[in-house]
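We did not get these values from a lab; they are worked out from the coordinates using the rules stated. Because the structure is a prediction, the values reported are computed rather than measured. Because the Cβ atoms are built from the backbone with ideal geometry, glycine has one as well, and the counts that use them run over all protein chains shown.
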There are 2 protein chains.
Amino acid sequence: MAPPRRIDVVLDSVKRLQRIGASANLLNLLQKQHPADLAQIFGDLPDAGRQSVVSLLVERNPRLAMEAISEMSPEQGAALLAGRPAEEIAKLIQELPSDDAAALIDYLPEELSQPVLEMMRRRESGQVESLLEYGEQTAGRIMNPNVFALGEDLTVGEAILALQGSRDVEMVFYLYVVDARRHLVGVTSLRRLLLVSPETPLKRIMTPELISVRVETDQEEVARLVASYNLLAIPVVDEENKLAGVITVDDVIDVIKDEATEDLYRLAGVSGDDRPSTPAGESLRKRLPWLGVNLVTAFVAATVVAIFEGTIERVTALAIFMPIVAGMGGNAGTQTLTVIVRGIALGEVSWANARKALVKEALVGLGNGVTLGVLAALVAWGMKGDPILGVLLGMAMVINMSVAATAGTLVPLGLKALKIDPALASSVFITTLTDIAGFASFLGLATIFLRYLAQ
Amino acid sequence: MAPPRRIDVVLDSVKRLQRIGASANLLNLLQKQHPADLAQIFGDLPDAGRQSVVSLLVERNPRLAMEAISEMSPEQGAALLAGRPAEEIAKLIQELPSDDAAALIDYLPEELSQPVLEMMRRRESGQVESLLEYGEQTAGRIMNPNVFALGEDLTVGEAILALQGSRDVEMVFYLYVVDARRHLVGVTSLRRLLLVSPETPLKRIMTPELISVRVETDQEEVARLVASYNLLAIPVVDEENKLAGVITVDDVIDVIKDEATEDLYRLAGVSGDDRPSTPAGESLRKRLPWLGVNLVTAFVAATVVAIFEGTIERVTALAIFMPIVAGMGGNAGTQTLTVIVRGIALGEVSWANARKALVKEALVGLGNGVTLGVLAALVAWGMKGDPILGVLLGMAMVINMSVAATAGTLVPLGLKALKIDPALASSVFITTLTDIAGFASFLGLATIFLRYLAQ
């Protein structure tokens, strides 16, 4: 249906030119691409060909090559560089703004990152190193320390002159104003500079109240502020309120995407840096612990079944339907859990409205349980010809889906109250609980009403 | 640990002032808040008090009230307005830019949205209506049609004059340049205006190559472009390449969040507009179909168990362990699925590298299966004293976890190729498949090796 995307056409050309060894044409084609597109192309090339294409560009246009590499995920970017000597990496990384450089260095193997930092230090690139001193996922780590600031005593005309002299500054839209000791005192905009005469003191057109974050602020909080106040950038200050850097909205978009991936991943028990491109061995090591926890809980649920082994021995048909009770509880619980976990992440659910959410979800669980329980009862009756078996199946489903909805609301809220990420541990709790409650309610009811069941 | 957030302090004050009936103080407090904070406060107020607080602000400061309402989700915002007469809603909605107005009207109940649009039309607010004519989730629907553009024949000095006269324009950072018939011909920036003399023709400092989208472009594609090229805004053109509007990065952030929620929701079988605040009856109606599909597939899996009823009758212990095989396959499949679905959404996985992803996931699945299968075999042996039962359990787990990994990769890629959202249908496929493969492999092996099992 859709026409081939331009980038796929370019990718095919890159592969063809590489195959026939037309390096000059290949280089020419690569140099016409936007760094973001190059990043995509590098990622899509087969492993065998990737390194040579990257090397070609690194040799002839190191800046563009590094810009492309910094548009990839830091894991992928660092992997592309890791084959080179530390000296060369240090030189290449200096093509990048220090926030991007820090992200890459952070993902280099230890035996490379240390000498690279050492060499950069000798060349007086202390900035990258100081960024790496801030905690992971903090504002300090993702900010750009090259922030353009105007002195508060300038006039508008002087400010415009200063701007004209600052070619190297990343996207300027907010103009931060600082005092003589670089304390952040206000903000103004290019547009406001244009609306007044050049003699106007900058102080007169600046807004002294502005939203800033501290270097140690969590990046998720930074993203929340930028998104809710519709900002294009947010200034970062140190503990003395001195301007330390700026975080632009494009970096915030990356944070928002990463945090969404993290939530999605955590619900499924996958760790955030386990990507399609992660080597199999590493993915295996990352996923095993979660599956191990699940195996333990699966055996706990199996023990519940084992308690009722005698009942199953007398009515084997119970074994056929018991996974339905457990599974449907799991599905209903996952629905509730997803709504609540995402609601917590987006700030829509908190303790303030928890009771309301609980009542609602319990009603939904009960409604789902009754509707589907009746249906399941009829089908089971039809399959096995025993109406009592159907009724017990339906009753167990009502119980389990109500349990699922209640737990699906309370467990993430409880974890949140304990300062544990609700996305992290909720789903294993819920499936364990719905398995246990499902087996226990169905087999328990069957044991109580055993003499009414066809044996 | 954390100090109370400023907004929680404000919320408490709002509740207190409302309780003691101090309307003047309450209004004063509300008027000092940022619209985004008001939106949060409105959302957090108990249902009973919300309407009266909103009404107070609507009466005294309708613009601020509407700005706050437009910062809420459109469902919530529309619900707050829905109690008022159409005439008043029409008047209030005109306080908003037309993209925000259209979003709200879209969520009003039919019996209100029609008269509201009718009244707005009489007051010549055709813009909102024309936005609503674009398809849902397209660029046309979310763009701001009030885009500031400069004629290509202006000089820089004239452009600055034009800018100074345009107080009402939403964040200007890119300056789009159009020809006499409003065809988009280029882009420049405020900063570049400042770097040249006023007599310079605008044409000389504009970039003729710029990234734009069409009114019918899907909002997800818009978000992808803005995010990958680090844009602050993207121009929207009609089929003749005439400038129709602009989408700013703050709207793109909303799209990115919504799409992430959508992916998360779809994997759990929840529809995108099913929020914690959705009434129970509506949530029930929205979740039942998905659970219904799951019930059907659960019965299909139950039928597989029924085929082996004779085997279970002879070795009841099989009923204890069969949910483990199915469940562990489901967990492993969900991990693979999540990595692949998110990889597709972020553009990291495509047909180009599908084989590589498949080989990797199959290896991970095999590795997980062998490791956990051996563990499970030992535990089952310990529980039941039958080593053969343990071996069969382990073998079934290896088979099922390999099936899970393979299907977890192929199903979303296949759905993607069929132009179906992989997040939408993948998870029910995977759990059904892992249930069936789990029961069939374990009970099948048990049937084959029945005479070696302790009965």
Run through the DSSP bridge list for chain A and note the antiparallel percent, rounded to the nearest 5.
-> 75 percent
Sort shortest first the distances from residue B:31 to its counterpart in every other copy, using label points 7 Å along the Cα-to-beta-carbon line, and give them in nm.
-> 6.2
The distance between the Cα centres of the stretch B:42-56 and the stretch B:221-287, in whole Å, is 27 Å
Using distinct alpha-carbon pairs, which all enter the 1/r mean, Kirkwood radius of the stretch B:235-323 in Å = 17.8 Å
In degrees from 0 to 90, rounded to the nearest 10, what is the angle of the helix B:387-417 Cα long axis to the longest principal axis of chain B?
-> 30 degrees
Charge tally for neighbours of residue A:156 with beta carbon under 9 Å away, counting Lys, Arg as +1 and Asp, Glu as -1, is 0
Provide A:199, A:75, A:221, B:259 in ascending order of the number of other Cβ atoms located within 10 Å of each residue's Cβ, fewest first.
-> A:199, A:221, A:75, B:259
Compute the acute angle (0 to 90°) between the alpha-carbon long axis of helix A:422-448 and the principal axis of greatest extent of the alpha-carbon atoms of chain A; round to the nearest 10°.
-> 0 degrees
Quick one: of the DSSP bridges fully inside the protein assembly as shown, what percent are antiparallel, nearest 5?
-> 75 percent
Net charge of neighbours whose Cβ lies under 12 Å from the Cβ of residue A:208, counting Lys and Arg as +1 and Asp and Glu as -1 = -1
Over all residues in B:242-253, what is the mean tally of Cβ atoms on other chains that come within 10 Å of each residue's Cβ?
-> 3
Ranked from fewest to most other Cβ atoms within 10 Å of their own Cβ, A:16, B:84 fall in the order A:16, B:84
Value at 222 nm in deg cm²/dmol, rounded to 500, when DSSP H runs of n ≥ 4 in the protein assembly as shown each add -39,500 (n - 2.57) | -22000 deg cm²/dmol
Can you give the net charge of the other residues whose Cβ lies under 13 Å from the Cβ of residue A:270, counting K and R as +1 and D and E as -1?
-> 0
at residue A:87 the sorted inter-copy label distances (label 7 Å from Cα on Cβ side), in nanometres, are 8.4
To the nearest 20 debye, what is the magnitude of the charge dipole of chain B about its Cα centre, counting +1 on the Cβ of each Lys and Arg and -1 on the Cβ of each Asp and Glu?
-> 1420 debye
Using a simple spin-label model with points 7 Å from Cα along the Cα→Cβ vector, what separation in nm is obtained for residue A:417 and residue B:421?
-> 3.4 nm
Could you state the number of Å between the C-alpha centres of the stretch A:356-372 and the stretch B:387-420?
-> 32 Å
Lys, Arg +1 and Asp, Glu -1 on Cβ, resulting dipole of the stretch B:6-141 about Cα centre, debye, nearest 20 | 720 debye
Between copies, how close do the residue A:201 label points come, placed 7 Å along Cα→Cβ, listed in nm from shortest?
-> 4.4
Using alpha-carbon pairs under 8 Å, 6+ residues apart, how would you state the relative contact order of chain A in percent?
-> 10 percent
Using Cα centres only, tell me the gap between the stretch B:59-94 and the stretch A:23-40 in whole Å.
-> 49 Å
By how many degrees, 0 to 90 and rounded to 10, does the Cα axis of helix B:47-60 deviate from the longest principal axis of chain B?
-> 20 degrees
May I ask you to sort A:67, A:220, A:110 by Cβ crowding, counting other Cβ atoms within 10 Å and putting the fewest first?
-> A:110, A:220, A:67
